[in-house]
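Contents: one structure, followed by commentary.
The values are calculated or read from the model by the stated rules, or taken from the named source; none is laboratory data. Only a predicted model underlies this, so the values are computations on that prediction, with no experimental measurement involved. Neighbour counts run over all protein chains shown; Cβ positions are idealised from the backbone, glycine included.
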Amino acid sequence: MGTEELLERLERDGVEHLWVTYHDYSGVAGAKSVPKERFRSAVEDGIVFARANLNFDATDHQPPDAHLLADSGDFLAVPDPDSYALLPHYPRTARVHTWMRLEDGSPWEACPRTRLLTAIEDLRDAGFSARAALEPEFYLLVPDGSGGYGPANRARMYTQTGLALVDGLVREIVETLGEMGVAVSQFDKEYGVGQYEITARHAPPMKAVDDYLSLRQVVRDAAREAGYVATFMPKVYAEWPGNSLHVHLSLWDPSGGRDLTPSEADDTSLSDVGRWFMGGLLEHAAALTGLGSPTPNGYKRLQPGSWAPGNVYWGRGNRSGMIRVPGTGRRRHIEHRSGDNTCQPFLFLTGLLAAGLDGIRNETDPGPPFEKDIGHVTPEEIREAGITDLPRSLPEALDALEGDRVVAGAVGEEALKHFLLIKRHEQAQYDLHVHPWERDAYLESN
């Protein structure tokens, strides 16, 4: 869709308010609402935002050593017409995601969406395209009135009851996403109390991220209207299972007409390029963890034997590993399982594509699959299999990201600088916070 087509679509759809949206380095949506009489200006020239906005952390504070201060000027949020979607929960309102541009309208290397486009172009230049589907888990919660939360229900995992108890909400989410052009593959009751999972259909990488961001917004909006709080936080309570963001990936020819991921020799293996791509993901696992789980909370989820991956290996149908090859026949693809929903999804997918392409270029062998549940094997068996650990903390993961030539290079110097600044500042704040457990354990112990 071009600029004129977008303006015609806005008129045809009866839109009177356009939300012009960008996503910061925490993946949080920033937006301004533009009235109808300003549509052409917004679509053609973009909307001004302060660059300083991009150096605020999850608590709306700037780090003491922030690069983008009040005197750093502005960036332009220039709409990508292909991201256009109506917002059915808001009358006569639509949304566009945007490119961050310099004030003269030229591309800005700090733009996460631009970094993903570059990774897509690098893959195309190598003779490939990709498709992706992002599969988030979330909890439906009810505030308990005292600052805590309880689950929306206590239905067991994958039960029909779990769907029946929120049937109206499920219908609202799926139908609303359909109106926004997002095709839902499935919606299920997950393992945790009040925990659910939703998957959009696979799509080219940019649309896959746009669809995921639409999905997150719709789930939150619909849950709020139904009286719930929807959270995608990695670990809500210590005793509850964590929320993951699984990314399903497949390699295709440049036209997107032929899936190159499965082997043609049998119904279970991956092709050589599929194996090499997976080998790249394993080779750069630590750096990808820094992109995919960029908060201290995420490392309370990534624990060995917890059904969230804590180690670097792959398996066929093995849900304990960092990478799973689901299914047989044409269903074969690569599922990356260690990320969570606090990521910046454009940057995370950028890193995944770059790591996979590096694996293809170097013909990186992923090794044999590990076919056991790692939570039920001995440390000796893990060592004998040559299995290593994922980073056990955010500082370790961010250091790995900064030192990884391929993944850091794909994110780009400018974007990486701001990303690391913010995430390390969040860790520093976390380190200084006194948690209730500490008072329970130590206040009267000496």
Practice task
Determine which single condition Leu270 fails, assuming it passes every other condition in (1) within 18 Å of Ser26 (Cβ to Cβ); (2) buried (at least 20 other Cβ atoms within 10 Å of the Cβ).
Solution key: (1)
Problem - Checklist (1) under 30 Å from Leu420 (Cα atoms); (2) without any contact (Cβ under 8 Å) to a residue 60 or more places away in the chain; (3) more than 24 Å from the chain's Cα centre (by Cα) applied to His67, failing item - result: (2)
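What residue, of Asp65, Asp104, Asp71, is surrounded by fewer than 15 Cβ atoms within 10 Å (Cβ to Cβ), within 18 Å of Tyr25 (Cβ to Cβ), among the charged types (D, E, K, R) and not assigned by TED's automatic domain parsing to the domain that holds Pro296? Full working, then the answer.
Working: Asp104 fails: within 18 Å of Tyr25 (Cβ to Cβ); Asp71 fails: within 18 Å of Tyr25 (Cβ to Cβ).
Matching residue, one of Asp65, Asp104, Asp71: Asp65.
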Exercise for the section: Kindly indicate whether any position in segment 366-383 is surrounded by fewer than 20 Cβ atoms within 10 Å (Cβ to Cβ), among the aliphatic types (A, V, I, L, M) and touching a helix residue (DSSP H, G or I) at 6+ places or on another chain (Cβ under 9 Å). Expected result: yes
Problem - Residues of segment 388-398 satisfying the condition of being over 19 Å from the mean Cα position of the chain (by Cα), assigned to a helix (DSSP H, G or I) and touching a residue at least 60 places away in the same chain (Cβ under 8 Å) - result: Glu396
Handout entry: Those residues of segment 26-43 which are hydrophobic (A, V, I, L, M, F, W, C) and outside any helix (DSSP H, G or I), in sequence order
Key = Val28, Ala29, Ala31, Val34
Exercise for the section: Among what's in segment 192-211 and is out of contact with any helix residue (DSSP H, G or I) (no Cβ under 6 Å at 6 or more places or on another chain) and assigned to a helix (DSSP H, G or I), pick the residue that is farthest from Ser83 (Cα to Cα). Expected result: Ala208
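Looking at the structure I just gave you, is Asp60 assigned to a loop (DSSP other than H, G, I, E, B) and within 25 Å of Ser214 (Cβ to Cβ)? Steps first, please.
Values: assigned to a loop (DSSP other than H, G, I, E, B): yes; within 25 Å of Ser214 (Cβ to Cβ): yes.
Criteria met by Asp60.
Taking Gly339, is it touching a Gly at 6+ places or on another chain (Cβ under 8 Å), more than 25 Å from Gly412 (Cα to Cα) and in the same structural domain as Thr388 (by TED's automatic domain parsing)? Working first, answer last.
Numbers: touching a Gly at 6+ places or on another chain (Cβ under 8 Å): yes; more than 25 Å from Gly412 (Cα to Cα): no; in the same structural domain as Thr388 (by TED's automatic domain parsing): yes.
Taking the combined requirement at face value, the residue does not satisfy it.
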Problem - Set Gly178, Gly227, Gly256, Gly168: member being under 30 Å from Ile360 (Cα atoms), surrounded by fewer than 20 Cβ atoms within 10 Å (Cβ to Cβ) and among the small types (Gly, Ala, Ser) - result: Gly256
Practice task
Would you mind stating whether His336 is in contact with a helix residue (DSSP H, G or I) (Cβ under 7 Å, 6 or more places away or on another chain), under 24 Å from Leu215 (Cα atoms) and at pLDDT 95 or above?
Solution key: yes
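Yes/no matrix, rows are residues, columns are (1) touching a Leu at 6+ places or on another chain (Cβ under 6 Å); (2) within 24 Å of Tyr212 (Cα to Cα); (3) part of a helix (DSSP H, G or I):
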site: Leu249; (1), (2), (3): no, yes, no
site: Gly257; (1), (2), (3): no, yes, no
site: Ala265; (1), (2), (3): no, no, no
site: Val273; (1), (2), (3): yes, no, yes
site: Trp276; (1), (2), (3): no, no, yes
site: Pro294; (1), (2), (3): no, yes, no
site: Gly298; (1), (2), (3): no, yes, yes
Practice task
Report yes if Ala230 is out of contact with any Ser or Thr (no Cβ under 9 Å at 6 or more places or on another chain) and either assigned to a loop (DSSP other than H, G, I, E, B) or not assigned by TED's automatic domain parsing to the domain that holds Phe138 (or both), otherwise no.
Solution key: no
Exercise for the section: Find all pairs meeting these conditions: Cβ atoms under 8 angstrom apart; at least six residues apart or on different chains; first residue within segment 363-384 and in a loop (DSSP other than H, G, I, E, B); second residue loosely packed, with under 12 Cβ neighbours inside 10 Å. Expected result: Gly367/Gly386
Practice task
Might you check whether a residue that is surrounded by fewer than 17 Cβ atoms within 10 Å (Cβ to Cβ) and in a strand (DSSP E or B) occurs anywhere in segment 79-90?
Solution key: no
Practice task
Would you mind finding the one in Thr59, Thr93, Thr21 that is outside the structural domain of Val218 (by TED's automatic domain parsing) and at pLDDT below 95?
Solution key: Thr59
